[in-house]
Structures are given as structure tokens and as C-alpha cells.
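Read the figures in this text as sums done on the coordinates, not as results from a lab. Not measured: the values here are computed from a predicted model. So basically every Cβ, Gly included, is an ideal-geometry build from the backbone, and we count neighbours across all protein chains shown.
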Amino acid sequence: MDKPFVEALARQAGLERALAEFPDCVANAAAQALGRSGEIHAPANPAAEPWPPMKVGGTK
Amino acid sequence: MTDDLHWLTAAAASRAYAARRLSPTELVRALLARIERLDPQLNAFIRVDAEGALAAATAAEAEIAAGRIRGPLHGVPVGIKDIIDVAGLPTTCHSKVMPATPATADAVVVAKLRQAGAIVMGKLSTHEFAIGGPSFDLPWPPARNPWNRDHHPGGSSSGSGAGLGAGFFPLALGTDTGGSVRNPASACGIVGLKPTYGLVSRRGVFPLAFSLDHVGPMTRDVADNALLLDAIAGHDPHDSGSVAPPRQDYAARLERGVRDLRIGFVRHFHEHDMPAHPEVAAGLDTVARTLAGEGAILRDVTLPTLGEFAAVNRVILNAEAWSIHAPWLRERPGDYGLLGRRRLMPGAFLSAGDLLAAQRRRAEMIALVDAALEEVDVLLCASSMDPPSRIEDAEETARTYPRQARAPFNTTGHPALAMLAGLAAAGLPLSVQFVARHFDEATLFQVARAWERAAGTDRMHPQLG
């Protein structure tokens, strides 16, 4: 992610203060997020559901 | 009793109480003296509750003397990781962010331990909010490794591992979201179990990631681990992830051995995905050979790569952790330490699509591990790929901390146990991990005990001053 894009995402997430005080931490966090999501193989089956599943009756 | 009270297991202490050879007060006093002498070098504790422990010991002693023995943990000391509520003590999460007000109630696991008669010794060091690594910019110093205090003790249940390894208590509770019970078990040469997801209540435990968090027993030997799990397992109707499995005796098959048990060796984790330190690899081969020599049937098993397991675990962890910490990270980012701030913010940069891709792949990964465990009874694999690095070497710690094979089983919810596999030439612990089917902790203990008995790992302790 380029710097302006990271800064825009950080502001959208409400991280203005972190961006001003800890810009290296914000850039590091963004780099971690980008590196991880790219390694996941998306399921080939369009009907593959996420886990944990939606299940009624377990909210107590 | 001997001068080695600090190495007593819970089971041995319980037997000594029953035979009137030892009292809870004697044991607690001996351990408090050892903590006072040695903990300033190790920082396992955030807070020692000497007054509370002695009061509980006196009460236990009176009950035991009157013949009202509650069970094998009655009068046995336990340390509690400081993200778990203990009534009357603050839950600091090792962070400046948390208020200093005391918890008003015990976490369910602590209440269960008190009901069993265990004695809470105090609150133990962790990584800030159970994530990151050893940090020197927090209100309390990081715990150190009892085998060599210049090295880290693993984490995030670092005080639990360090305190067990140092002989400060025979039992401890840790929590495990990406490996945080099993990392200190590996680094400190003790036994750490991440139970099946939902087997142990999380109520009263500060969350890191709801769908990955587990509370786990940490001990110096396998039999004690089974005893501790027995005390804390069970359905909690107020924990939405809790389940009600059939009641079982976790220690029932401890001494049965492994003859004809089928063990799947997940070699690609440490041989291809994240090539392990040669001493770690040699240690794993020794465990496999030893168990084969005891009659187990070994075969190789293939699972998804560690890189993909780690990515799925971290996307979910980051998203869930961000949902918890976002308000504080927005308002007071400077109250976090550097590592906590960096590890808790990535969720702000993940998309809904990233999270759903991880959760959908997670379902497939659970099915793949289930399928592997239809062909074998237990999996054997690496825990840490390296011996613990020097605690002051932040770069090496950052390089080696993610080199692990624990996160896969937070992602899939399977029970996984890490323990000592031997000692490296430098005298630091090497580790092995066993994994079983959901709710089959008894088989996990059976295999772990077979290795422990064959190798004598329960008799290996660090030399402390």
C-alpha cells in the first residue's frame, strides 16, 4: 500500500492520533495486514460458508 | 519432606497432604520464600498475593486435617495469567491501558479452581493484552527464561511458563490465541495444553480474539496437566462458545502407553514450510523414533502449509482484536507499548472480504485436519522452530517468534499440547507438539505421558541460584 492510501485508510478508521504520533506503527500495521490477506487460498466452492457458522440460540 | 518442595507436582503435594507429611501452609510458605528470592531475576509475577495465599492455605489445612479433602488440587498453589480475573485483584493485562480497579468476581476458571481447593498465589506476567512479545516499555518488566535469564520465556503466558520452570508453583493458567500457552511451554520446558475450543470457559478472561481464544492448563508434568484440565473443563451456559462434551477422565489412560496407536508426523511444517533449527529437527526425530520404539505406528501426514495457516489465523485475530481495541487505539495510542500498538492495529487495514476469505478457508482447514485425524489417532509436529532467543535481541525475537506451528490449531480448534523434547547444546529447552481430535484430550495425554516417561522430561529442571 502506498503512503497516501495507508493514511487515508488510517483516517477512515479513526486513527488520526496514531498517525500523528506513531506514523511508523501505522505503516507497520498496514504492511502486516497486506502481507497476510494475500496468502489465503479462497475456497473454490462458491457455497463454502465461513466458520464460525450462523447458529441461533447461542447468544446467552 | 526434602528441600525440593518447589519441584513437587500437584499430585505429589496432594499425596503428601493426605499422608500428613506436608501441609498447605508449609508448601505455600516455602514457595513464597523462593518467589521472594528468585522472582526479582525472572519477573514471572506482576503481583504476588502472599496474604491471600496464606489465608487460603490455612483454610485448606484445616479442612484437610478434618478429613474434608475436596480432591487432588486441594491446598495446591496455582498462578494466574494477568488477563484472567481474580476477585479483589486488578486485571492489568500487563498494560497501562487497563484501569487499576480490582476485579469484582473470579473468572469461571478461577472460581472452579477455588472450588477444588486450589490456592491462588498471584497474577502473572504476559505480553501486553496477550499479544506482541517481550517488551521493556510497559509498566512491568517482561518475564525471563528460568533456564537462562538472558533468553525470553515465550509468551504470551510468559509468567506462567517462567514461574513453573522456576518452581514457583506446580500449576498455572495461561491463554492461547495463536499459541500463547504452548510457546512458553516450549521455551520453559514444561507442559502446556490448548484444549479443544469451547471445552474451558473464557468468561472473566480479557479477550484477544473471540473465536480463537482458549484458556489452558500449564504444569510441570503431564499427569498434573490432566488434573488441572479436569478441574477447569465443563460447560458454561454464559460463554457463547462453550460446549458440553461427555464427561471424561482425562488421566484414565496416562500409563497405557502407545502400542498400536497411529501417530501422523507433520514433517513438512518444520522441514519445508519453516525449516527448523537443526537441534529442533533432531529433537522431533528423537521423539518420533522413541514413540515408534514404544510400539506406535508412525506415518507422514500432510496438511495445508504453515504460511497459509498463519495467514488465516492472523487475519481473524487481527480483525477480532481490532474490534476490541479500536476505541482505545483511536483515543490513547500512546498508552500501549510499541509491540502492542503494532500488533493490535492491523485489523484497521483489513477488508470485510479479507475476513470472510479467512473464515471460509478456516472451515476447509478444520475439515482437512479432521480428515487427517480419521487416518491417525494423534499428530506429532513442531511447536517452536527455534530455541528461545536472547530477550534483549528484539530483531532475533521478532524473526523467530512467528516461526511456529501452534496457530494452525487455534484456527481449527483441535486440542494441542506442547512439551519438552530435550535440551539444546546451549542448555535451552527444545519442544514437541501433539494434536488430537476435538475433545480427545485423553489420547493427547496418553501419548504425551509415553514420551515423558521414556525421556524423563518431567525430571529435567533448570539450575537456579
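In the range A:16-25, the residue that is farthest from B:N318 (Cα to Cα) out of those that are more than 7 Å from every other protein chain (Cβ to nearest Cβ) and of a type in the set (A, V, I, L, M) is A:A20. Here B:T286 passes the criteria (1) over 23 Å from B:G422 (Cα atoms); (2) of a type in the set (S, T, Y); (3) assigned to a helix (DSSP H, G or I); (4) more than 14 Å from every other protein chain (Cβ to nearest Cβ) except the one numbered (1). Only one entry in B:P207, B:P141, B:P153 is of a type outside the set (V, I, T) and buried (at least 24 other Cβ atoms within 10 Å of the Cβ), namely B:P153.
Going through the range B:386-442 one residue at a time, which ones are among the small types (G, A, S) and in contact with a Lys or Arg (Cβ under 7 Å, 6 or more places away or on another chain)?
Our first condition is that a residue be among the small types (G, A, S); within the range B:386-442, this holds for B:389, B:394, B:398, B:405, B:407, B:413, B:416, B:418, B:421-422, B:424-427, B:431, B:436, B:442.
Matches in the range B:386-442: B:A416, B:A418, B:A442.
Within the range B:145-181, being closer than 22 Å to B:A416 by Cα, assigned to a loop (DSSP other than H, G, I, E, B) and touching a strand residue (DSSP E or B) at 6+ places or on another chain (Cβ under 7 Å) holds for B:S157, B:P170, B:G179, B:S180, B:V181.
Okay, residues lined up against (1) more than 23 Å from the chain's Cα centre (by Cα); (2) within 29 Å of B:K96 (Cα to Cα); (3) surrounded by 14 or more Cβ atoms within 10 Å (Cβ to Cβ); (4) small (G, A, S):
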| position | (1), (2), (3), (4) |
| --- | --- |
| B:A10 | no, no, yes, yes |
| B:Y17 | yes, no, yes, no |
| B:R34 | no, yes, yes, no |
| B:R47 | no, yes, yes, no |
| B:A50 | yes, yes, yes, yes |
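Can you work out which of the residues in the range A:1-15 that are within 9 Å of chain B (Cβ to nearest Cβ) and surrounded by 14 or more Cβ atoms within 10 Å (Cβ to Cβ) is farthest from B:A326 (Cα to Cα)?
Quick first cut of the range A:1-15, residues within 9 Å of chain B (Cβ to nearest Cβ) only: A:1, A:6, A:9-10, A:12-15.
Those left that are additionally surrounded by 14 or more Cβ atoms within 10 Å (Cβ to Cβ): A:1, A:6, A:9-10, A:13-15.
Details: A:M1: 21, A:V6: 17, A:L9: 14, A:A10: 11, A:A13: 8, A:G14: 8, A:L15: 9 Å.
Here the answer is A:M1.
Annotation for the range B:389-400: no member residue is surrounded by fewer than 24 Cβ atoms within 10 Å (Cβ to Cβ) and either on the phi > 0 side of the Ramachandran plot or under 18 Å from the mean Cα position of the chain (by Cα) (or both).
How many residues are among the basic types (K, R) and at the interface with another protein chain (Cβ under 10 Å from one of its Cβ atoms) if we restrict to the range B:291-329? Spell out how you get there, then give the answer.
Pass one, the range B:291-329, residues among the basic types (K, R): B:299, B:314.
Next, from what is left, pick out any that are at the interface with another protein chain (Cβ under 10 Å from one of its Cβ atoms): B:314.
Count: 1.
Among the residues making up the range B:330-356, a single one is more than 7 Å from chain A (Cβ to nearest Cβ) and among the aromatic types (F, W, Y): B:Y336. Considering the range A:35-51 alone, what residues qualify as being more than 7 Å from every other protein chain (Cβ to nearest Cβ) and of a type outside the set (S, T, N, Q)? Those that are more than 7 Å from every other protein chain (Cβ to nearest Cβ) and of a type outside the set (S, T, N, Q): A:G35, A:G38, A:A44, A:P46, A:A47. Out of all the residues in the range B:212-259, which are under 22 Å from B:G117 (Cβ atoms) and among the polar types (S, T, N, Q)? Passing the criteria: B:T219, B:N225, B:Q248. Every test in (1) touching a residue at least 24 places away in the same chain (Cβ under 8 Å); (2) within 22 Å of the chain's Cα centre (by Cα) is passed by B:E26 save one, and that test is (2).
Between B:R21, B:R29, which is of a type in the set (K, R) and within 27 Å of B:S158 (Cα to Cα)?
B:R29
Taken over the range B:305-335, the criterion of being among the polar types (S, T, N, Q) and in a helix (DSSP H, G or I) is satisfied by B:N313, B:N318, B:S323. Of all the residues in the range B:113-139, those that are in contact with a helix residue (DSSP H, G or I) (Cβ under 8 Å, 6 or more places away or on another chain), farther than 30 Å from B:E26 by Cα and not aromatic (F, W, Y) number 9. Residues satisfying the criterion are absent from the range B:131-153 (criterion: more than 28 Å from B:G334 (Cα to Cα) and within 13 Å of the chain's Cα centre (by Cα)).
Look through B:T177, B:T126, B:T196 and report the one residue that is among the hydroxyl-bearing types (S, T, Y), in contact (Cβ under 8 Å) with a residue 12 or more places away in the chain and in contact with a Phe, Trp or Tyr (Cβ under 8 Å, 6 or more places away or on another chain). Spell out the reasoning first.
Details: B:T177 fails: in contact with a Phe, Trp or Tyr (Cβ under 8 Å, 6 or more places away or on another chain); B:T126 fails: in contact with a Phe, Trp or Tyr (Cβ under 8 Å, 6 or more places away or on another chain).
When all the criteria are applied, what remains is B:T196.
Taking the range B:357-375 as the range and being acidic (D, E), facing another protein chain (nearest Cβ under 9 Å) and in contact (Cβ under 8 Å) with a residue 12 or more places away in the chain as the test, no residue passes.
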